Amino acid sequence: DLVSCVGWTTADELYSCSDDHQIMKWNPLTSETTRVVKLPDEIYPIDLHWFPRSVGGKKQSHAESFVLTSSDGRFHLISKLGRVEKSVEAHCGAVLAARWNYEGTALVTVGEDGQVKIWSKSGMLRSTLAQQGSPVYSVAWGPDSEKVLYTSGKQLIIKPLQPNAKVLQWKAHDGLILKTDWNSVNDLIISAGEDCKYKVWDSFGRVLYSSQLHEYPITSLAWAVDGELFAVGSFNTLRLCDRTGWSYALEKPNTGSIFNISWSTDGTQLAGACGNGHVIFAHVVEQRWEWKNFEITLIKRRTMKVHNVFNDAVDSLEFRDRVIKASLAYGYLVVSTSLQCYVFSTKNWNTPLIFDLKEGTVSLILQAERHFLLVDGGGLYLYSYEGRLISSPKYPGMRTDTLNAQTVSLSNDTLALKDKADEKVIYIFEALSGKPLGDGKPLTHKTEIVEIALDQKGLTSERKIAFIDKNRDLYITSVKRFGKEQKIVKIGTMVQSLAWNDTSNILCGIQDTRFTVWYYPNTVYVDKDLLPKTLFEKDASEFSKNPQIVCFVGNQITIRRADGSLAHLNVSPYPGILHDYVRASRWEDAVRLCRFVKDQTLWACLAAMAVANKDMATAEIAYAATGEIDKVQYISSIKDLPSKESRMAHMLLFSGNTQEAETLLLQTGLIYQAIQVNINLYNWDRALELAVKHKTHVDTVLAYRQKFLEDFGKKETNKRFLQYAEGVSV
């Protein structure tokens with residue numbers, strides 16, 4: 001009879017339940033099938049969900065059981081051996097779906113009676129979350145287990161568990177919605193139904209993708225655990241899709257309708273419950289990785305093909321176990337299988353470095369030039385390309401299963417990550433020691449952050465992090481903080497996607513309808529007015545809506561369009577060369593390059609770089625070339641100052657760091673200059689305070705103040721100035 005539901009216990013063991021009352025156990029590796037138990041005749045199973053196996057890396061004893069819902073209004077807690085531990089009367093009419101939350105502390109059930117109920121781990125009713133007049137066909141927990149998403153006819157509803165919290169409800173389809181799922185890693189929602197379409201939504205109910213019409217209603221869909229892929233099932237149809245909605249593959253198996261899809265824990269295979277009594281197994285293959293002249297394809301579960309497009313050489317890489325994750329960058333291919341990690345150098349494919357993995361299922365691999373990061377259910381592990389464990393950073397309340405490439409970033413000396421517990425906070429670690437950077441306080445922003453990225457080059461002390469918040473504003477700030485708060489500066493709005501260059505600190509992003517490259521983002525800390533002059537902008541309408549930047553290597557940017565096709569963009573190579581010259585302090589070559597290219601953008605970059613590196617002569621030339629005469633004059637007046645300290649202070653003033661300039665002058669005993677700086681900035685109170693504190697030049701301050709008031713025809717109202725004016729004759 002038809003199979004109604006399937007669920008994986010491990011990466012190699014699947015349970016299925018059918019209307020013939022049997023629970024079967026499958027092992028796709030050995031092709032063994034055994035009957036676990038035959039249920040009583042009155043139980044027709046509808047949905048099954050295994051108790052979560054590990055929470056925050058800790059294996060739980062309870063993981064050996066699952067919940068099974070049935071058409072008689074009950075749900076059953078059943079052990080792995082098939083013993084029914086408990087049956088609970090839950091709904092009038094069939095219980096259509098049940099889901100454990102991510103911690104395994106609560107269970108939600110929905111039924112034909114239109115009720116959504118929350119139960120404890122042991123099956124005691126905690127609350128009835130919602131009641132409505134129509135059946136609820138599908139339910140899913142929010143990523144933090146604080147909200148529940150369920151269907152209501154053509155509507156989707158997100159209801160928080162807190163009473164009186166705001167409920168989000170929107171019309172999602174033109175027909176009855178049959179299935180919905182919410183992923184904990186990327187926070188996206190998918191839904192499908194009798195209007196023969198599937199759609200992808202963000203957690204605010206905005207549609208990100210809507211599919212073409214299919215021939216038949218869509219009866220099942222499910223996210224892969226890591227949120228990169230999802231699968232869609234319909235009558236004789238199985239489709240594999242990217243998280244942005246476009247389709248990788250379409251199969252037409254002879255299955256009848258696929259009523260339920262379940263992904264294995266490592267995300268390499270899925271199983272479907274078919275209407276004709278079959279269970280279908282599908283493996284994800286043909287993933288591709290590209291870097292410079294190499295193209296690598298996973299052709300079978302344990303075999304990769306390497307293609308070097310320069311000389312058409314082809315290599316084949318064989319693995320002992322199936323490949324789970326891979327990453328190719330910086331001249332290395334890192335592959336994790338179910339038990340081991342392989343590191344190949346692109347110069348030599350024959351002798352990989354192999355080491356064993358503790359936990360097994362790696363959910364993310366990130367590479368930097370000198371080392372790479374493995375993320376699994378148990379933690380974060382930083383390895384060198386020689387296979388040595390460098391560090392394993394930790395922070396309180398760490399949940400690594402929700403991290404992905406948008407929320408973790410790695411550079412040669414720094415690791416940054418954004419946690420699900422508090423979306424406004426970025427944790428920053430020193431890569432080599434695994435300890436929190438600086439004073440150990442994380443970076444905090446005023447709104448929730450959605451994507452982060454660290455720059456890859458330059459000195460550790462100048463490491464920058466760029467991030468996009470949920471209003472799609474792009475900010476940049478410095479990673480190193482010692483006591484003084486580094487300003488978080490906004491450098492872009494409506495930014496969809498961003499990436500740093502791999503060889504120089506150039507940032508690119510897609511802003512609304514424009515593709516933008518920030519050739520020298522550090523400009524905001526040096527001379528804010530220069531920033532617009534250091535940008536390159538191009539119309540991005542050719543990339544259609546919602547494009548994503550895949551990578552920015554050398555001067556080539558790869559962009560994934562909404563339909564899944566890749567577009568390649570080249571940017572000018574000169575800013576990269578300029579970055580290299582400045583890093584090597586070759587200022588004359590840098591000036592020569594700018595004179596050769598004759599481009600205002602490049603001159604503006606050079607001006608900012610020169611000021612940042614306190615090279616006054618170059619700054620003067622560069623500002624003159626961009627036509628900023630006032631700045632040229634100010635810089636030449638700085639060069640004539642007698643002492644090194646006062647030159648430094650005026651450079652800080654030039655970049656707008658008044659506080660630091662004043663501190664520097666006071667430390668070196670240039671009291672009068674510090675007072676003069678405040679007078680020039682009309683900081684009268686501070687000027688007087690300094691004069692009184694150091695018992696010098698009080699009369700000067702008063703004289704300037706008097707002249708200022710006379711010029712504007714005003715009377716003195718400030719009490720402190722009146723008080724001192726009595727005792728001092730000017």
On the given criteria, is Ser264 outside the structural domain of Arg388 (by the TED database) and within 28 Å of Ile354 (Cα to Cα)? yes
Which of the numbered conditions does Asn101 fail, given that it passes all the others? Conditions: (1) under 29 Å from the mean Cα position of the chain (by Cα); (2) modelled with pLDDT of 95 or more. (2)
Quick test of your reading of the structure: Met124 fulfils all but one of (1) closer than 22 Å to Ile46 by Cβ; (2) open to solvent by 40 Å² or more (accessible area, probe 1.4 Å); (3) within 33 Å of the chain's Cα centre (by Cα). Name the failing condition by number. (3)
Selection within the stretch 331-354 - touching an Asp or Glu at 6+ places or on another chain (Cβ under 9 Å) and polar (S, T, N, Q): Ser336, Thr337, Ser338, Gln340, Asn350
Given (1) more than 14 Å from Tyr724 (Cα to Cα); (2) modelled with pLDDT of 85 or more, identify the lone condition not met by His694. (2)
Which condition breaks for Leu298 when tested against (1) surrounded by 20 or more Cβ atoms within 10 Å (Cβ to Cβ); (2) touching a Pro at 6+ places or on another chain (Cβ under 8 Å)? (2)
Suppose we keep only residues that are part of a helix (DSSP H, G or I) and open to solvent by 40 Å² or more (accessible area, probe 1.4 Å) within the stretch 595-612. Which one would you say is nearest to Ala674 (Cα to Cα)? Gln600
Quick check on my filter: what residues within the stretch 459-480 are of a type outside the set (Ser, Thr, Tyr) and open to solvent by less than 60 Å² (accessible area, probe 1.4 Å)? Arg463, Lys464, Ile465, Ala466, Phe467, Ile468, Asp469, Asp473, Leu474, Ile476, Val479, Lys480
Ser572 vs (1) outside any loop (DSSP other than H, G, I, E, B); (2) in the same structural domain as Glu628 (by the TED database): all pass except (1)
Restricted to the stretch 419-458, and to residues that are in contact with a helix residue (DSSP H, G or I) (Cβ under 9 Å, 6 or more places away or on another chain) and closer than 30 Å to Ser585 by Cα, which residue is least open to solvent (accessible area, probe 1.4 Å)? Asp455
Would you confirm, using the coordinates I've provided, whether Phe259 is open to solvent by 40 Å² or more (accessible area, probe 1.4 Å) and farther than 18 Å from Asn186 by Cβ? yes
Cβ-Cβ below 6 Å, separation at least six or inter-chain, first residue in the stretch 132-158 and on the phi > 0 side of the Ramachandran plot, second charged (D, E, K, R) and modelled with pLDDT of 95 or more: which pairs? none
For Arg83, indicate whether it is modelled with pLDDT of 95 or more and within 17 Å of Ser122 (Cα to Cα). no
Are there strands (runs of 3 or more DSSP E) fully within the stretch 1-115 with at least 2 residues that are closer than 20 Å to Ala273 by Cβ? List them. 3-10, 13-18, 22-27, 32-38, 45-50, 65-70, 74-79, 95-100, 106-111
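Rundown of residues vs (1) under 30 Å from Pro352 (Cα atoms); (2) aromatic (Phe, Trp, Tyr), yes/no style:
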| position | (1), (2) |
| --- | --- |
| Tyr385 | yes, yes |
| Lys394 | yes, no |
| Ala416 | yes, no |
| Pro442 | no, no |
| Gln456 | yes, no |
| Ile468 | no, no |
Of everything in the stretch 274-307 that's among the polar types (S, T, N, Q) and either in the same structural domain as Leu221 (by the TED database) or modelled with pLDDT under 95 (or both), which residue is farthest from Leu240 (Cα to Cα)? Asn293
Does the stretch 533-547 contain any residue that is closer than 25 Å to Thr407 by Cβ, open to solvent by 30 Å² or more (accessible area, probe 1.4 Å) and modelled with pLDDT under 95? yes
Residue among Ile510, Ile449, Ile506 that alone is within 30 Å of Phe654 (Cβ to Cβ) and touching a residue at least 24 places away in the same chain (Cβ under 8 Å): Ile506
Given the conditions (1) closer than 15 Å to Asp529 by Cα; (2) in contact (Cβ under 8 Å) with a residue 40 or more places away in the chain, every one holds for Met651 apart from (1)
For the condition open to solvent by less than 30 Å² (accessible area, probe 1.4 Å) and under 23 Å from Gly142 (Cα atoms), what is the one hit in Ala273, Ala231? Ala231
I need the full set of residues from the stretch 311-332 which are over 17 Å from Asn293 (Cα atoms) and in a loop (DSSP other than H, G, I, E, B), in order please. Phe319, Arg320, Asp321, Arg322
Tell me which residues, restricted to the stretch 503-523, are in contact with a Lys or Arg (Cβ under 7 Å, 6 or more places away or on another chain), open to solvent by less than 10 Å² (accessible area, probe 1.4 Å) and within 14 Å of Pro573 (Cα to Cα). Ser504
Of the residues in the stretch 487-502, those that are open to solvent by less than 10 Å² (accessible area, probe 1.4 Å) and part of a loop (DSSP other than H, G, I, E, B) come to Asn501
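The values are calculated or read from the model by the stated rules, or taken from the named source; none is laboratory data. As the structure is a computational prediction, the values presented were derived from the model and not from experiment. Here Cβ is always computed from backbone atoms with ideal geometry, including for glycine, and neighbour counts include all displayed protein chains. The area values use the complete protein model at the heavy-atom level, side chains included, leaving out ligands, DNA and RNA. Shrake-Rupley method; radii C 1.70, N 1.55, O 1.52, S 1.80 Å.
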